[in-house]
Structure formats: structure tokens, C-alpha cells
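The values are calculated or read from the model by the stated rules, or taken from the named source; none is laboratory data. Computed from a predicted structure; not experimentally measured. Ideal geometry is used to build each Cβ from the backbone, glycine not excepted, and the neighbour counts take in all protein chains shown. These accessible areas exclude ligands, DNA and RNA; they are computed on the full protein's heavy atoms, side chains included. Shrake-Rupley method; radii C 1.70, N 1.55, O 1.52, S 1.80 Å.
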Amino acid sequence: GRLAVQAGTEAEFEFRFVESGTNDPIAPQSLMISMLDLDEGRNGKQRESVTMCGNGGAIVTDDSELAVTSSGDCTTVKSTTHGTGKDNPTSVTGMSQTQRARTAAFPVTGSSFTAKLGVSKKGSNPRPFMFTGHPTVSCVLK
């Protein structure tokens, strides 16, 4: 999936899993939500952040370019590196090490979760956030 967030704002999104054809909640047995391509504009403009709560924290690579902080049961990952559209992943199974270093995977527990996506004030264009139900970084860690 792909969501865009305007510079200088935060948006909270609730994701729910329901049984097909119903509104009945269902909890996945084993699922990771990966937030891809967390980067920023030049000179620290439009710094991207993702906060998720209650899912056991974020999984990142040893050479991660993300700043990871925790507060209570919430984990926030923030970009630290400039990126361009040219370095965006085109496939979750064929990501480069640099693309993995800009990705955080969050374990999903229960039938719903909330993700807060933010973009710092500097800059004017919306920033896209890409996400997938593929484990990305967690499947390549040893």
C-alpha cells in the first residue's frame, strides 16, 4: 500500500483485519507490517516518522539508517538520510541493502493496529509512505 502525508502534519491510520465477506474481526496468525523507504528531503527537510504501539517494537537491520526510540509500548522510527524517488524499492523481495536500511518491520498482534505517520514541517510537498504485509528486513536477519 501507499499513503501520502502532507509536510508539517501527522496522520493516524487504523488497520483492521476482518473475515472475508464480513465485519467480524480476525487476528492473523503471524504477520509483519513493513514500512518501506523511510527517508527525507535534503538538509533534513520533510523527515518521515512512523509510530506504532502495542506490537512489540520495530525490527531494523544492523546498519539501519533509522533512529528508533521507544516510549511505553510505542515505538517510533524516524528517517535520518536523504533519499530520492530513484532509490525507492520496486519489489519487497529484491530490495538492496540500502533499501532494507530504510525499512522497519513491526510484528502485528491482534485484529487491528494503529500507525501514526508524520512528516516534519520543512518543505511543502506530501511524502509517500509505502507499506507491505511482507516481513522484508526480518526475514534476512540472522
Pairs needed: first member in segment 73-91, open to solvent by 50 Å² or more (accessible area, probe 1.4 Å); second member anywhere, of a type in the set (Lys, Arg) and not in a loop (DSSP other than H, G, I, E, B); C-beta distance under 6 Å; at least 6 residues apart or different chains.
HIS82/ARG42
Return yes or no: is VAL137 of a type in the set (A, V, I, L, M, F, W, C), modelled with pLDDT under 90, within 14 Å of the chain's Cα centre (by Cα) and open to solvent by less than 30 Å² (accessible area, probe 1.4 Å)?
yes
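For the subset of segment 114-126 comprising residues that are at pLDDT 90 or above and not basic (Lys, Arg), which member is surrounded by the most Cβ atoms within 10 Å (Cβ to Cβ)?
If we take residues in segment 114-126 being at pLDDT 90 or above and not basic (Lys, Arg), then VAL119 is surrounded by the most Cβ atoms within 10 Å (Cβ to Cβ).
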Of the residues in segment 94-112, those that are in a helix (DSSP H, G or I) and within 21 Å of LEU31 (Cα to Cα) come to GLN99, ARG100, ALA101
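For segment 26-93, which strands (runs of 3 or more DSSP E) that fit wholly inside it have 2 or more residues that are closer than 25 Å to SER111 by Cβ and within 15 Å of the chain's Cα centre (by Cα)? Reasoning before the result, please.
Numbers: elements: 31-36, 48-53, 67-71, 74-78.
Ranges flagged: 31-36, 48-53, 74-78.
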